[in-house]
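Before any comments, here is the structure.
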Amino acid sequence: MEAMSKVRNERLAEVVPDVLAALHEVLRRHRVTEEEWFAALDFLSEVGRTENEFILLSDVTRTSVLIDELSHGGDESGATASDVEGPLYRDDPPWREKPAKIYEDYEGMGDGDVLMVRGAVTSTDGGPLPDAVVDVWQTGPDGGYDVWDPRQPAYNFRGRMRVEADGSYEFQTMLPKPYTVPTGGPVGRYLEAVGQHPWRPAHIHFKVTAPGHQTLVTQVFFPDDPYLENDTIGAVKPALVRPVERRDGELACVFDIALRPLG
Ligand code: BEZ
Ligand code: FE
(Lines give C-alpha, C1' and ligand atoms only; values in the text may rest on other atoms or scores of the structure.)
(Ligands and ions follow the chains in the order given, each with its own letter.)
Protein backbone atom coordinates (compact mmCIF):
# COMPACT_ATOMS: atom_id res chain seq x y z
CA MET A 1 0.00 0.00 0.00
CA GLU A 2 2.82 2.34 1.00
CA ALA A 3 4.68 1.47 -2.21
CA MET A 4 1.57 2.27 -4.24
CA SER A 5 1.08 5.69 -2.72
CA LYS A 6 4.78 6.40 -3.30
CA VAL A 7 4.37 5.54 -6.99
CA ARG A 8 1.32 7.79 -7.22
CA ASN A 9 3.08 10.69 -5.54
CA GLU A 10 6.13 10.40 -7.76
CA ARG A 11 3.89 10.51 -10.79
CA LEU A 12 2.06 13.56 -9.43
CA ALA A 13 5.39 15.26 -8.69
CA GLU A 14 6.35 14.64 -12.30
CA VAL A 15 3.11 15.73 -14.01
CA VAL A 16 1.61 18.48 -11.83
CA PRO A 17 4.42 21.06 -12.21
CA ASP A 18 4.10 20.77 -16.02
CA VAL A 19 0.32 21.18 -15.84
CA LEU A 20 0.73 24.31 -13.71
CA ALA A 21 3.45 25.74 -15.93
CA ALA A 22 1.25 25.28 -19.02
CA LEU A 23 -1.78 26.80 -17.27
CA HIS A 24 0.19 29.78 -15.92
CA GLU A 25 1.68 30.42 -19.34
CA VAL A 26 -1.81 30.60 -20.91
CA LEU A 27 -3.14 32.86 -18.14
CA ARG A 28 -0.18 35.20 -18.63
CA ARG A 29 -0.35 35.19 -22.43
CA HIS A 30 -4.05 36.12 -22.40
CA ARG A 31 -3.80 38.40 -19.35
CA VAL A 32 -6.79 36.60 -17.83
CA THR A 33 -8.60 38.87 -15.36
CA GLU A 34 -9.74 38.08 -11.80
CA GLU A 35 -13.33 38.17 -13.01
CA GLU A 36 -12.60 35.66 -15.79
CA TRP A 37 -10.66 33.35 -13.49
CA PHE A 38 -13.47 33.28 -10.90
CA ALA A 39 -15.98 32.61 -13.70
CA ALA A 40 -13.82 29.64 -14.77
CA LEU A 41 -13.71 28.34 -11.17
CA ASP A 42 -17.50 28.72 -10.87
CA PHE A 43 -17.89 26.78 -14.13
CA LEU A 44 -15.64 23.93 -12.92
CA SER A 45 -17.47 23.84 -9.56
CA GLU A 46 -20.77 23.43 -11.39
CA VAL A 47 -19.29 20.74 -13.63
CA GLY A 48 -18.25 18.89 -10.47
CA ARG A 49 -21.71 19.21 -8.92
CA THR A 50 -23.50 17.86 -12.03
CA GLU A 51 -23.56 14.10 -12.56
CA ASN A 52 -21.18 12.81 -15.26
CA GLU A 53 -20.29 16.31 -16.50
CA PHE A 54 -16.55 15.95 -15.83
CA ILE A 55 -16.46 12.89 -18.11
CA LEU A 56 -18.53 14.83 -20.64
CA LEU A 57 -16.13 17.81 -20.43
CA SER A 58 -13.19 15.44 -20.96
CA ASP A 59 -15.02 13.97 -23.97
CA VAL A 60 -16.05 17.19 -25.74
CA THR A 61 -12.62 18.76 -25.25
CA ARG A 62 -11.22 15.65 -27.00
CA THR A 63 -9.16 14.87 -23.90
CA SER A 64 -10.71 11.39 -23.62
CA VAL A 65 -9.66 10.65 -27.21
CA LEU A 66 -6.12 11.74 -26.39
CA ILE A 67 -6.00 9.51 -23.29
CA ASP A 68 -7.33 6.57 -25.36
CA GLU A 69 -4.60 7.23 -27.92
CA LEU A 70 -1.88 7.43 -25.23
CA SER A 71 -3.16 4.22 -23.59
CA HIS A 72 -3.80 2.08 -26.67
CA GLY A 73 -2.30 3.84 -29.70
CA GLY A 74 0.53 2.06 -31.45
CA ASP A 75 -0.82 -1.35 -30.46
CA GLU A 76 0.37 -3.57 -33.27
CA SER A 77 -0.93 -6.81 -31.81
CA GLY A 78 -3.81 -6.93 -34.28
CA ALA A 79 -6.35 -6.27 -31.52
CA THR A 80 -9.54 -4.43 -32.44
CA ALA A 81 -9.12 -0.67 -32.01
CA SER A 82 -10.29 0.77 -28.69
CA ASP A 83 -12.40 3.89 -28.26
CA VAL A 84 -13.73 6.26 -25.64
CA GLU A 85 -16.27 4.82 -23.14
CA GLY A 86 -18.25 8.04 -22.62
CA PRO A 87 -20.45 8.74 -19.59
CA LEU A 88 -23.45 6.56 -20.50
CA TYR A 89 -22.31 3.09 -19.45
CA ARG A 90 -24.49 1.56 -16.71
CA ASP A 91 -23.14 -1.15 -14.41
CA ASP A 92 -24.82 -4.55 -14.26
CA PRO A 93 -26.76 -4.50 -17.51
CA PRO A 94 -29.19 -7.40 -18.02
CA TRP A 95 -27.97 -10.70 -19.48
CA ARG A 96 -29.59 -11.24 -22.87
CA GLU A 97 -30.08 -14.93 -23.61
CA LYS A 98 -30.11 -16.45 -27.07
CA PRO A 99 -31.75 -15.31 -29.34
CA ALA A 100 -30.53 -12.03 -27.83
CA LYS A 101 -32.65 -8.94 -28.28
CA ILE A 102 -31.46 -5.86 -26.38
CA TYR A 103 -34.65 -3.76 -26.41
CA GLU A 104 -38.33 -3.74 -25.79
CA ASP A 105 -40.69 -1.76 -28.00
CA TYR A 106 -41.91 1.47 -26.43
CA GLU A 107 -44.56 4.06 -27.11
CA GLY A 108 -43.21 6.68 -29.54
CA MET A 109 -40.20 4.66 -30.72
CA GLY A 110 -41.09 5.49 -34.32
CA ASP A 111 -40.43 3.18 -37.23
CA GLY A 112 -36.70 2.60 -37.06
CA ASP A 113 -34.89 -0.28 -38.73
CA VAL A 114 -34.26 -3.57 -36.98
CA LEU A 115 -30.55 -4.41 -37.11
CA MET A 116 -28.84 -7.74 -36.50
CA VAL A 117 -25.27 -7.39 -35.22
CA ARG A 118 -23.06 -10.44 -35.31
CA GLY A 119 -19.42 -11.43 -35.16
CA ALA A 120 -16.87 -13.55 -33.33
CA VAL A 121 -14.52 -12.84 -30.45
CA THR A 122 -11.02 -14.21 -30.94
CA SER A 123 -7.59 -13.81 -29.36
CA THR A 124 -4.82 -12.08 -31.29
CA ASP A 125 -2.92 -15.27 -30.41
CA GLY A 126 -5.37 -17.02 -32.72
CA GLY A 127 -8.47 -19.02 -31.93
CA PRO A 128 -11.92 -18.23 -30.54
CA LEU A 129 -12.52 -17.07 -26.96
CA PRO A 130 -15.50 -19.17 -25.80
CA ASP A 131 -15.62 -17.48 -22.35
CA ALA A 132 -15.87 -13.93 -23.71
CA VAL A 133 -18.68 -11.59 -22.67
CA VAL A 134 -19.94 -8.91 -25.05
CA ASP A 135 -21.60 -5.94 -23.33
CA VAL A 136 -23.28 -3.32 -25.54
CA TRP A 137 -25.15 -0.05 -25.10
CA GLN A 138 -26.63 2.43 -27.55
CA THR A 139 -29.43 4.90 -28.15
CA GLY A 140 -32.79 3.84 -29.48
CA PRO A 141 -34.01 4.95 -32.91
CA ASP A 142 -35.67 7.96 -31.28
CA GLY A 143 -35.20 9.74 -27.96
CA GLY A 144 -31.67 8.74 -27.17
CA TYR A 145 -30.47 6.64 -24.24
CA ASP A 146 -32.87 4.97 -21.79
CA VAL A 147 -31.55 7.23 -18.99
CA TRP A 148 -32.71 10.35 -20.87
CA ASP A 149 -35.99 9.01 -22.20
CA PRO A 150 -38.77 8.30 -19.68
CA ARG A 151 -40.74 6.39 -22.35
CA GLN A 152 -38.14 3.61 -22.46
CA PRO A 153 -37.92 0.74 -19.97
CA ALA A 154 -34.78 0.75 -17.80
CA TYR A 155 -31.75 -0.77 -19.54
CA ASN A 156 -33.39 -0.57 -22.95
CA PHE A 157 -30.78 -0.90 -25.71
CA ARG A 158 -28.28 -2.32 -23.25
CA GLY A 159 -27.23 -5.87 -22.46
CA ARG A 160 -24.53 -8.45 -21.96
CA MET A 161 -24.16 -11.73 -23.81
CA ARG A 162 -22.01 -14.80 -23.39
CA VAL A 163 -20.53 -15.89 -26.71
CA GLU A 164 -20.97 -19.38 -28.18
CA ALA A 165 -18.30 -22.11 -27.95
CA ASP A 166 -16.88 -20.88 -31.26
CA GLY A 167 -16.67 -17.29 -29.98
CA SER A 168 -19.61 -16.10 -32.06
CA TYR A 169 -22.31 -13.72 -30.88
CA GLU A 170 -25.42 -12.19 -32.35
CA PHE A 171 -28.01 -9.75 -31.10
CA GLN A 172 -31.07 -7.95 -32.38
CA THR A 173 -31.21 -4.21 -31.97
CA MET A 174 -32.37 -1.18 -33.95
CA LEU A 175 -30.16 0.98 -36.10
CA PRO A 176 -29.17 3.90 -33.85
CA LYS A 177 -29.25 7.50 -35.09
CA PRO A 178 -26.96 10.48 -34.56
CA TYR A 179 -27.73 12.29 -31.29
CA THR A 180 -26.55 15.25 -29.26
CA VAL A 181 -24.56 14.81 -26.05
CA PRO A 182 -26.37 16.29 -23.02
CA THR A 183 -26.61 20.06 -23.44
CA GLY A 184 -28.75 21.01 -20.42
CA GLY A 185 -25.84 21.45 -17.98
CA PRO A 186 -22.65 23.51 -17.74
CA VAL A 187 -20.94 21.58 -20.57
CA GLY A 188 -23.84 22.46 -22.88
CA ARG A 189 -23.27 26.15 -22.06
CA TYR A 190 -19.55 25.67 -22.72
CA LEU A 191 -20.27 24.13 -26.16
CA GLU A 192 -22.48 27.06 -27.07
CA ALA A 193 -19.92 29.59 -25.84
CA VAL A 194 -17.07 28.10 -27.91
CA GLY A 195 -19.31 27.46 -30.96
CA GLN A 196 -18.94 23.66 -30.96
CA HIS A 197 -21.94 21.57 -32.11
CA PRO A 198 -23.08 18.79 -29.75
CA TRP A 199 -23.69 15.97 -32.28
CA ARG A 200 -22.27 12.46 -32.34
CA PRO A 201 -22.59 10.07 -35.29
CA ALA A 202 -24.74 6.96 -34.72
CA HIS A 203 -22.76 4.24 -32.94
CA ILE A 204 -22.97 1.16 -30.74
CA HIS A 205 -20.69 0.93 -27.69
CA PHE A 206 -18.98 -2.37 -26.87
CA LYS A 207 -17.16 -3.56 -23.73
CA VAL A 208 -15.69 -7.01 -24.34
CA THR A 209 -14.03 -9.15 -21.67
CA ALA A 210 -12.43 -12.59 -21.72
CA PRO A 211 -10.25 -14.37 -19.15
CA GLY A 212 -6.53 -13.72 -19.67
CA HIS A 213 -7.19 -10.86 -22.11
CA GLN A 214 -7.25 -7.08 -22.01
CA THR A 215 -10.74 -5.67 -21.79
CA LEU A 216 -11.69 -3.83 -24.95
CA VAL A 217 -13.90 -0.74 -24.80
CA THR A 218 -14.84 0.48 -28.24
CA GLN A 219 -17.58 1.78 -30.55
CA VAL A 220 -18.85 0.77 -33.98
CA PHE A 221 -19.90 3.41 -36.53
CA PHE A 222 -21.76 3.21 -39.83
CA PRO A 223 -20.88 4.66 -43.24
CA ASP A 224 -22.60 7.75 -44.70
CA ASP A 225 -23.34 9.29 -41.32
CA PRO A 226 -23.39 13.12 -41.47
CA TYR A 227 -21.25 13.34 -38.32
CA LEU A 228 -18.62 10.74 -39.17
CA GLU A 229 -16.14 13.48 -40.07
CA ASN A 230 -17.07 15.84 -37.25
CA ASP A 231 -18.05 13.88 -34.15
CA THR A 232 -18.17 16.40 -31.30
CA ILE A 233 -15.93 14.15 -29.18
CA GLY A 234 -13.66 13.28 -32.15
CA ALA A 235 -13.90 9.54 -31.46
CA VAL A 236 -14.47 8.13 -34.96
CA LYS A 237 -11.73 5.79 -36.17
CA PRO A 238 -11.96 4.56 -39.78
CA ALA A 239 -11.07 1.05 -38.56
CA LEU A 240 -14.30 1.00 -36.55
CA VAL A 241 -16.72 1.88 -39.38
CA ARG A 242 -18.70 -1.19 -40.47
CA PRO A 243 -21.10 -1.50 -43.39
CA VAL A 244 -24.76 -2.23 -42.80
CA GLU A 245 -26.16 -4.57 -45.41
CA ARG A 246 -29.64 -5.67 -46.25
CA ARG A 247 -29.76 -9.47 -46.35
CA ASP A 248 -32.88 -11.59 -46.52
CA GLY A 249 -34.98 -8.53 -45.80
CA GLU A 250 -33.13 -7.47 -42.63
CA LEU A 251 -30.28 -5.08 -41.88
CA ALA A 252 -27.11 -6.78 -40.71
CA CYS A 253 -23.74 -5.59 -39.52
CA VAL A 254 -20.71 -7.79 -38.86
CA PHE A 255 -18.25 -6.80 -36.13
CA ASP A 256 -15.52 -9.33 -35.39
CA ILE A 257 -13.50 -8.59 -32.27
CA ALA A 258 -9.89 -9.54 -31.50
CA LEU A 259 -8.62 -9.20 -27.91
CA ARG A 260 -5.02 -8.94 -26.83
CA PRO A 261 -3.67 -11.39 -24.24
CA LEU A 262 -2.64 -9.87 -20.88
CA GLY A 263 1.02 -9.33 -20.17
C1 BEZ B 1 -21.67 8.49 -25.80
O2 BEZ B 1 -21.26 8.11 -26.87
O3 BEZ B 1 -22.46 7.81 -25.19
C4 BEZ B 1 -21.22 9.81 -25.29
C5 BEZ B 1 -19.91 10.17 -25.45
C6 BEZ B 1 -19.50 11.39 -24.98
C7 BEZ B 1 -20.38 12.24 -24.38
C8 BEZ B 1 -21.70 11.88 -24.23
C9 BEZ B 1 -22.13 10.65 -24.70
FE1 FE C 1 -23.05 6.84 -27.16
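The values are calculated or read from the model by the stated rules, or taken from the named source; none is laboratory data. Note that the structure is a prediction, hence the values are computed from the model and not measured. Heads up, the Cβs are rebuilt from the backbone with ideal geometry, glycines too, and the neighbour counts pull from every protein chain shown. Quick note on the areas: whole protein, heavy atoms, side chains included, nothing else; ligands and nucleic acids left out. Shrake-Rupley method; radii C 1.70, N 1.55, O 1.52, S 1.80 Å.
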With an 8 Å Cα cut-off and a minimum separation of 6 or more residues, compute the relative contact order for the chain in percent. 22
Output for segment 7-109: GluC sites (Glu not before Pro) sitting in coil per DSSP, at most 13 other Cβ within 10 Å, listed by number, reads E51, E76, E97, E104, E107
Restricted to pairs 8 or more residues apart or on different chains, the lysines in the chain with C-alpha atoms under 28 Å apart form a number of pairs equal to 8
Return the loop-located GluC sites (Glu not before Pro) in segment 159-249 (DSSP other than H, G, I, E, B) with at most 10 other Cβ atoms within 10 Å of their own Cβ; answer none if there are none. E229
Ignoring any ligand, DNA or RNA, what whole percent of the accessible area of the chain comes from carbon and sulfur when the probe is 1.4 angstrom? 53
DSSP-defined antiparallel bridges as percent of all bridges, the chain, nearest 5: 75
Post the alpha-carbon centroid distance, segment 1-78 to segment 118-193, in whole angstrom. 27
Set the Förster radius R0 to 45 Å, insert the Cβ-Cβ distance between V32 and R151 as r into 1/(1 + (r/R0)^6), and round the FRET efficiency to 0.05. 0.50
Okay, helix-only estimate at 222 nm for the chain: each DSSP H run of n ≥ 4 adds -39500 (n - 2.57), divide by all residues, round to 500 deg cm²/dmol; what do you get? -8500 deg cm²/dmol
